[in-house]
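The values are calculated or read from the model by the stated rules, or taken from the named source; none is laboratory data. Owing to the predicted nature of the structure, the values given are computational and were not obtained by experimental measurement. Every residue, glycine among them, receives a Cβ derived from its backbone with ideal geometry; neighbour counts consider all protein chains shown. Just the protein is used for accessible areas: all its heavy atoms, side chains included, with ligands, DNA and RNA removed. Shrake-Rupley method; radii C 1.70, N 1.55, O 1.52, S 1.80 Å.
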Amino acid sequence: MHGQCGLFFRTYAGEARIFPSRFLMVSMGLFGTALCLAPLAMNNYLVSILCLINIAVIGAVSLNLLTGFCGQISLGHGAFFGVGAYAAAYLASLGLPFLAVLPAAGLVTAAVGMFFGLPSLRLKGIYLAIATLAAQLILEYVFLHWDAVTGGSSGMAVDPPQVFGFAFDSDVKMFYLTLAVACVCVLIVCNVMRTRLGRAFVAIRDHHLSAEIVGVDLFAYKLRAFGISSFLAGVGGALWAFYTMYITPEQFGIGLSVSYLAMIIIGGLGSVLGGVFGAVFITILPEFLNFLAHHAGAFFTDISGALLAMKEGVFGLVLVLFLIFEPEGLANRWRLVKAYWKLYPFAH
Amino acid sequence: MAFLDVTDVTLTFRGLAALTGVGFSVEKGDIVSLIGPNGAGKTSMLNCISGRYVPDSGSISLGGADLLAVPSHARTKLGLSRTFQNIALFRGLSVLDNLMVGRHARMDYGILASILYLGRARRAEDAHRRRVEDVIDFLGLSPYRHQAAGKLPYGVQKRVELGRALAAESDLILLDEPMAGMNLEETEDMARYILDINEEWGMSVLLVEHDMGVVMDISDKVVVLDFGRVLAEGSPQEVMADADVVAAYLGGDDGVFLGR
């Protein structure tokens, strides 16, 4: 007759699950179902935003693995993303099937990412950030000038992906594809973080001397972090290429790198969920501001132009306010909200 | 050859000699203490053994294997673990994960197993968790299991750090001032832990400590360093009776050493 009060584990494996409680599994199942049904009730514009969110989630979660968990700041993530996009476009133009192109683009990007991760042996923190900034600039230059492969400034066209003869040629179809890939990528990061590999990453971030003492080969593990993170970024970039169907060098500029950094800082450094939240937030915010400016313009016709112009400023303002009032990110706020409702209406 | 054999180790920093021709040994199963005034080179000696510093000359071997021939991170696999003088925990990880990291060198599944989290990684995680739980029980850390290590009180953090070194189940554990900054009760607990680690877990201990009461009580052998040289080596009684040691470190007015 006695129910249990709280969550108890009878096995260690039970404690290591990603969704440890039945409540969480049911609510995630409902959320997943709702997400899968959502495109049926949405117009193409809204579905395209969802696609962008899925792709941004891959980029943000992979950067969080490198920067949030392993402590290696990267300002070149946008370019790594671009390497994946170009690799996918080039391989697809050679006639490789989509299912081979996706991991191959990841592997190419992983190799490039590990190469630019080499300075992490000697450089830490802000110095490594500058080294990865160099990677960003070099790669952008390559995108622009290696005409034979990248098409230079005129860019490259990519056909929609086909899997076993089924073409993903609409926003709705792409939504399901990007959602599936994003889920796999997030699952990979979750798995890495609950095993020795992920613990070693955090150990390097928190105290590299101790990490060495417990037997972590610092250089090898930093390279692994660069490798896995860039692999996922490459997969994200490949999806981006297939989704936009036309890629040019300026899509993968320093702005993209910075916006990924903004995603993980706002979402929460060193939290898988934080990467997801940040990606959703940063992708939706400009669209939301667009929406506001558009509708406010209907009431204040004289200043609608000014409202649109203010959008960029408001975007920056929201970011700054976030850093001041929620420095630990959305993931932490989410934790606090959950803790509050757990005990509601009691204080303790 | 002794279990840990330090022979003629010299370490200099641009002309400043931190260690000159230091040699001593630790027999298997012994608790050996390294004492001496501040700046005598005790921590430098530990750093040479653990791989933070590379000595200019001399040799260090553990269980017959040449330690200086392998990089720092690979020495864990040869059976070495250590704690630091200042707390060097992974602040963002929970106590449990800190101890699990301590077993890093004992786990051998690869990247792919990590990514897929299938049978092999799952079973390994489970088995290692069991060993870590033994350490948690032994050190009484169960109330803190899931708390972030950086937020715990100082004494507990010291214990977690001991636990991390213990979780490696190494043959030789290097302890750098485990009692520093602890009150009497915590010191007694720590001394008890060290004795149990030695007897029950079968680990040899090399201890650097300033609390002479503890050192003289629990050590099988004491090595005294002064200005980077070995001043004396022997049983606690021999060392306490040594006129040089008394003059250099212990102080000799009334024959009472610097206990608490």
Legend entry - Computed [θ] at 222 nm, helices only, for the protein assembly as shown once each DSSP H run of length n ≥ 4 contributes -39500 (n - 2.57): -18000 deg cm²/dmol
Legend entry - Alpha-carbon gyration tensor eigenvalues x 5, square-rooted, for the stretch A:43-343, Å: 29, 27, 19
Inset, instruction - For chain B, build the convex hull from the C-alpha positions and give me its volume per residue in Å³. - result: 135
Inset, instruction - Work out Dmax and Rg for the stretch B:89-167 from the C-alpha atoms and quote the Rg first, both in angstrom. - result: 12.9, 38
Legend entry - Radius of gyration, Dmax [the stretch B:29-126; alpha carbons; angstrom]: 17.0, 53
Inset, instruction - Give the long-range amide H neighbours of B:Leu19: residues separated by 5 or more places, or on another chain, with amide H under 5 Å away, using H modelled in the peptide plane at 1.01 Å from N. - result: B:Leu11
Legend entry - 10 Å Cβ neighbours from other chains, averaged over peptide A:201-211: 6
Legend entry - Nearest-20 debye value, the protein assembly as shown charge dipole, Cβ charges on Lys, Arg, Asp, Glu: 2120
Inset, instruction - Leaving out ligands and nucleic acids, note down the accessible area per residue over the protein assembly as shown with a 1.4 angstrom probe, in whole Å². - result: 46
Inset, instruction - Can you pull out the buried accessible area for chains A and B, both sides counted, probe 1.4 Å, rounded to the nearest 100 Å²? - result: 3000
Inset, instruction - Would you kindly calculate the translational diffusion coefficient of the stretch A:1-102, applying Stokes-Einstein with the Kirkwood radius from alpha carbon pairs, for 20 °C and a viscosity of 1.002 mPa s, and quote it in µm² s⁻¹ without decimals? - result: 119
Inset, instruction - For every other residue with a beta carbon closer than 14 angstrom to the beta carbon of B:Gly140, add +1 if it is Lys or Arg and -1 if Asp or Glu, then tell me the sum. - result: -4
Inset, instruction - Mind checking which of B:Ser50, B:Phe24, B:Ala105 is farthest towards the positive end of the stretch B:16-126's charge dipole, using Cβ charges of +1 (Lys, Arg) and -1 (Asp, Glu) about the Cα centre? - result: B:Ala105
Legend entry - Residue-averaged beta-carbon neighbours from other chains (10 angstrom radius) around A:187-196: 6
Legend entry - Kirkwood estimate for the stretch A:106-194, i.e. one over the average of 1/r between Cα atoms, Å: 16.5
Legend entry - Ordering of B:232-243, A:105-116 by burial proxy (mean other Cβ atoms within 10 Å per residue, highest first): A:105-116, B:232-243
Legend entry - Cβ-placed point charges (K, R +1; D, E -1), dipole of chain A about Cα centre in debye, nearest 20: 1320
Inset, instruction - May I ask which residue of A:Gly305, A:Pro160, A:Gly68 lies farthest towards the positive end of the charge dipole of chain A, with charges of +1 (Lys, Arg) and -1 (Asp, Glu) on Cβ and the Cα centre as origin? - result: A:Gly68
Inset, instruction - Grab chain B and count how many Lys pairs have their alpha-carbon atoms under 21 Å apart, sequence gap of 8 or more, or different chains. - result: 5
Inset, instruction - Would you tell me the mean number of C-beta atoms belonging to other protein chains that fall within 10 Å of each C-beta in B:126-139, as a whole number? - result: 1
Legend entry - Simple Cβ-charge dipole of chain B, Lys/Arg +1 and Asp/Glu -1, about Cα centre, in debye nearest 20: 1580
Inset, instruction - Place +1 on the Cβ of every Lys and Arg and -1 on the Cβ of every Asp and Glu in the stretch B:110-260, take the dipole about the Cα centre, and give the residue among B:Val245, B:Ile173, B:Ser142 whose Cα lies farthest towards its positive end. - result: B:Ser142
Inset, instruction - Calculate, in nm to one decimal, what A:Thr11 and A:Trp334 gain on full extension: separation in residues at 0.36 nm each, minus their alpha carbon distance. - result: 113.6 nm
Inset, instruction - Estimate the FRET efficiency between A:Phe31 and A:Met245 by the formula 1/(1 + (r/R0)^6), using the beta-carbon distance for r and 41 Å for R0, to the nearest 0.05. - result: 0.90
Inset, instruction - Take the alpha carbon atoms of the stretch B:139-212, find their center, do the same for the stretch A:265-333, and report the distance between the two centers in whole angstrom. - result: 48
Legend entry - Kirkwood Rh in Å, taken over all unlike Cα pairs in the protein assembly as shown: 27.2
Inset, instruction - Describe numerically, in nm with one decimal, the distance between label points set 7 Å from Cα along Cα→Cβ at A:Phe19 and at B:Ile111. - result: 3.0
